[in-house]
Amino acid sequence: MALCRLIVCLALLAQPAMADWKFVELWSDPLDGSQTRAATSTSDTGVTLHLYRNSGGRVYALFTLPPESGNFTNEGIVARITPQGFDSKDIEVRDTQSRIIEYGRISGSMLRDRLWHGQGEAPAFGTLHDLLEAPALTGAFQLADKTTFDAKWNMQDARLPIAQALSIKIGGVASGAEWEDAASQSLLAAMTACQFPKLDVFCVQKVTACSMNISENRNIDAFETCVATPSLDR
């Protein structure tokens, strides 16, 4: 989390372009109050999707309808989500949970469903795997008034925020606690060097510019090379 705070501060200076998906360092699950990291995006019709791990390591999707759309129906097949090019997954909600099968959970305009058991470095198959490989994700949601509400998410820029939120390796994207600790230490060392023997504004600006090698390219070596390379502007 220290890495994320450093990147946020540097990003404010660098002003990177906004993306459809974003990483949230500290997020609270509104259904149980637990705090975790999340990746989030809002669909073309205003449905917000959060992907996150709970304290037990399992990965969940939380869908939140826009205020004007009403609430989910509270039983049966409540949603069908389809990663483009892959099989659909039905999300079923029941009054009581099974000891074997974990059904979806409804709270008004919110629907939560487990996507992955969370064991291993990354899902080898299943809905989360398909979602990460697909160019887009669509959802058809059943509402309390018996109507259907549709949504679509662009997944083109989703891998990095999801890798950060779930601490998994996706297509070579560097992530996980060990990597974040190393990146945080590298950033901190570079910023500390800019303050001795006195604050060097030019140095801070250079570290800020070079930090994109970590925040966007996930490459610590490239960041350190960038910082160490003499500038012709000085």
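The numbers here are math on the coordinates, done by the rules we state, and not lab data. Everything numeric here is computed off the predicted structure, so don't read it as measured data. Note that we place each Cβ from the backbone using ideal geometry, even for glycine, and neighbour counts take in every protein chain shown.
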Next on the checklist: If I model a spin label at D150 and T225 as a point 7 Å from the Cα along the Cα→Cβ vector, what separation in nanometres do I get?
Outcome noted: 4.7
Checklist outcome for this item: Simple SL model, points at 7 angstrom along Cα→Cβ for F202 and I100; separation in nm is 7.0
Item to check | Gain upon complete extension [T42, E92; 0.36 nm per residue less C-alpha separation] | outcome: 15.8 nm
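Test of understanding: express the Cα radius of gyration of region 177-228 as a ratio to 2.2 N^0.38 Å, with N the residue count.
Working: Rg = 10.7 Å, N = 52, 2.2 N^0.38 = 9.9 Å.
Dividing the Cα Rg of region 177-228 by 2.2 N^0.38 Å gives 1.09.
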Checklist outcome for this item: For region 123-133, Karplus-derived ³J(HN,Hα) couplings (6.51, -1.76, 1.60; θ = phi - 60°; whole Hz; x for glycine and proline) come out as x, 8, 6, x, 4, 5, 4, 5, 4, 6, 8
Checklist entry - What is the Cα radius of gyration of region 2-166 over 2.2 N^0.38 Å, N being its residue count? => result 1.04
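Output the peptides 96-108, 41-53 sorted from most to least packed, where packing is the average of other Cβ atoms within 10 Å over each peptide's residues.
Values: 96-108: 12.4, 41-53: 18.8.
Top to bottom by mean Cβ count within 10 Å: 41-53, 96-108.
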Checklist entry - Sequence-distant or interchain residues sharing an amide H contact under 5 Å with F72, placed H: which? => result S109, M110, A144
Checklist entry - Can you list the lysines whose alpha carbon is less than 19 Å from that of K22, not counting same-chain residues fewer than 8 positions off? => result K152, K169
Checklist entry - In straight Cα distance, which lysines are under 25 Å from K146, not counting same-chain residues fewer than 8 positions off? => result K89
